[in-house]
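Enquirer: I have a structure here, written as structure tokens, and I will follow up with some questions on it.
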Amino acid sequence: MTMDKQLKRVALVGLALLAVLMININYIQGTQAEKLQTNKLNSRQYQDVFLADRGDILAADGKTVLAFSDPIDKSTKPKYQRKYISAQPEDAKIFSPVTGFFAGNGQKTGLEIAYDSLLDGRDKNKQSVSGWLDQLAGNKPVGANIITTIDPEAQRVAYQKLQVTTRRAAAVVIDVKTGALKVAASFPSFDPNSIASVKNSKADLDAFAVLQSNKLSPLTNNAFRELFPPGSSFKTVVAASALENGFNKDTPVPAPFSEAIPGSTRLVSNDEHGVCDSQASPMIETFAASCNTTYALLGSRDSLLGNAKVTETAKKFGFYKTVPIEDGLVAVPSIYPTGNEGAAAFFLGSFGQGETKTTPLQMAMVAAAAANKGTIMKPYLVDKVKSRKGEEIQSTDPEVFSKAISSESADQIEDMMRAVVDHGTAAATLKGSNIAGKTGTAELDGNRRGLWFVGFAPSDNPKYAFAVSIEGTKGDFGASKSGPVALAIVNALLKK
């Protein structure tokens, strides 16, 4: 009897130890595997980077494949070659600002890195139940598919139209109600296939070096990661600040033809007389005619509006901080001079010159606030993540980024943008179209200009907000260069 009790105790202890061992193994394999795989001390993650069957990256239609893994030979290492869309000429270049690249040296950018652990199947926390069970059964991980928000046809139109320049350009379109990015185009771009060889050949390394040394920086996503002087499109922010601080669209504001930069004899002049050569004109008319002196004075003189108030409004739009798009994927901070820069910097910065610099994404967000009753939705690029079996693993719920301005101010900015197209600086090229916005032309140097058109469409019931930025040459204007590009892009979206 005593011996039986001892054997039972030993058996129970053995079973308990076995249970602990099983729990530990399942804990490590089921919940800690990713941490162990991605630990910086684990060198196998770099050796095995091309063994994973990474998932596809798709456009918003769920059919257009932007990136995929192509099997090489199951008996070799590496087993998969990352490839990018090539259904139409230049498609890989067109979509690389969205996908990023997965280079032959293991380097990643864009969605390839933002969704890396889901694409290669390592993320246990977000996998489908069937995927998790497959791995517990010893099957190799299979990556999930990423469905983006990008409209493939509008993205193609954007890239094609941006080639109106041989310099840098970008276009962004946001769904004003959700924040979904429908277009994120950057020019010049690059073919990620040219640097994706798993063999890491000298030719691929040389191609990467050439891209890195190119003065136009084709590896940089100009839509999110580059800052440009916004020119007169920034007057939208100053006008919004004025509306938030006691002005209305019909308030008379000073509009002298020329005005000296504070502390200097150098004059800033307007491009035309009439509205922009008067003691005072209604703000909506100075906006439509794009009077430089009006907004320079508003932003630099506390007796009118002043830098502190413009800065406060700029912050609400998202200036001075990174703009989150996806985890690990952000837009760089846009800036407007504030603090100790002085009256001259505030003067120039308030009509989009000097130290004011912004991303196309940020200016599209400014237009989105006007088109959405003052509310900016957080921009995002990924709509859904699905397993290879079609199970939904993750979906994006729209969320508010900020309440930039009141709905009353937003309504007035809408009217002011409509006036720009109806009888203002964009009337010659866009009057009669179902689009509204603000033109901008920034002096970059003696021979280069920054050309902008920022706004929304349809003009009577806004659905999309956009920003188009193009580097042109002396004699070019935002209205004539960027305006038609914006119209072509939104037409591609609205015809659906």
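The values are calculated or read from the model by the stated rules, or taken from the named source; none is laboratory data. Only a predicted model underlies this, so the values are computations on that prediction, with no experimental measurement involved. As a convention, Cβ positions derive from the backbone with ideal geometry for all residues, glycine included, and neighbour counts pool all protein chains shown.
Enquirer: For residues that are more than 24 Å from the chain's Cα centre (by Cα) and among the polar types (S, T, N, Q), scanning just the stretch 435-479, find the one that is modelled with the lowest pLDDT.
Expert: Asn447
Enquirer: I'm told Glu259 meets every condition in (1) surrounded by 19 or more Cβ atoms within 10 Å (Cβ to Cβ); (2) more than 27 Å from the chain's Cα centre (by Cα); (3) closer than 22 Å to Phe453 by Cβ; (4) among the charged types (D, E, K, R) except one. Can you identify the failing condition by its number?
Expert: (3)
Enquirer: Within the stretch 220-244, track down each residue that is aliphatic (A, V, I, L, M), surrounded by 20 or more Cβ atoms within 10 Å (Cβ to Cβ) and not in a helix (DSSP H, G or I).
Expert: We begin by selecting, within the stretch 220-244, every residue aliphatic (A, V, I, L, M); these are 223, 227, 237-240, 242-243.
With the extra rule that they be surrounded by 20 or more Cβ atoms within 10 Å (Cβ to Cβ), the set shrinks to 223, 237-240, 242-243.
Scanning the stretch 220-244 gives a single hit, Ala223.
Enquirer: To continue, here is another question. For Ala427, indicate whether it is without any contact (Cβ under 8 Å) to a residue 40 or more places away in the chain and either of a type in the set (Phe, Trp, Tyr) or over 22 Å from Thr358 (Cβ atoms) (or both).
Expert: Working: without any contact (Cβ under 8 Å) to a residue 40 or more places away in the chain: yes; either of a type in the set (Phe, Trp, Tyr) or over 22 Å from Thr358 (Cβ atoms) (or both): yes.
In short, yes.
Enquirer: A further question on this structure: Is it true that some residue in the stretch 245-256 is in a strand (DSSP E or B) and of a type in the set (A, V, I, L, M, F, W, C)?
Expert: Restricting attention to the stretch 245-256, the residues satisfying the condition of being in a strand (DSSP E or B) are 252-255.
Now narrow it down to the ones that are of a type in the set (A, V, I, L, M, F, W, C): 253, 255.
Checking the stretch 245-256: at least one residue is in a strand (DSSP E or B) and of a type in the set (A, V, I, L, M, F, W, C).
Enquirer: For the stretch 160-175, give me the residue count where each residue is surrounded by 24 or more Cβ atoms within 10 Å (Cβ to Cβ) and either β-branched (Val, Ile, Thr) or part of a helix (DSSP H, G or I) (or both).
Expert: Step one: filter the stretch 160-175 for residues surrounded by 24 or more Cβ atoms within 10 Å (Cβ to Cβ), giving 162, 169-174.
Narrowing further to those that are either β-branched (Val, Ile, Thr) or part of a helix (DSSP H, G or I) (or both): 162, 172-174.
Of the residues in the stretch 160-175, 4 are surrounded by 24 or more Cβ atoms within 10 Å (Cβ to Cβ) and either β-branched (Val, Ile, Thr) or part of a helix (DSSP H, G or I) (or both).
Enquirer: Being among the basic types (Lys, Arg) and at pLDDT below 75: is that true of Lys35 here? Can you show your working first?
Expert: On the way: among the basic types (Lys, Arg): yes; at pLDDT below 75: yes.
It is true that Lys35 is among the basic types (Lys, Arg) and at pLDDT below 75.
Enquirer: Further, regarding this structure: Does Ser186 satisfy the condition of being over 30 Å from Gly374 (Cα atoms), crowded, with 19+ Cβ neighbours inside 10 Å and at pLDDT 90 or above? I'd like the intermediate steps shown before the answer.
Expert: Numbers: over 30 Å from Gly374 (Cα atoms): no; crowded, with 19+ Cβ neighbours inside 10 Å: yes; at pLDDT 90 or above: yes.
When the stated conditions are applied, Ser186 does not pass them.
Enquirer: Taking the stretch 396-424, which residues are without any contact (Cβ under 8 Å) to a residue 40 or more places away in the chain and crowded, with 24+ Cβ neighbours inside 10 Å?
Expert: Passing the criteria: only Val421.
Enquirer: Now for a separate question. Just for strands (runs of 3 or more DSSP E) wholly inside the stretch 258-330: which have at least 3 residues that are touching a residue at least 24 places away in the same chain (Cβ under 8 Å) and out of contact with any Gly (no Cβ under 7 Å at 6 or more places or on another chain)?
Expert: Working: elements: 258-260, 267-269, 278-282, 323-326.
Hits in the stretch 258-330: 278-282, 323-326.
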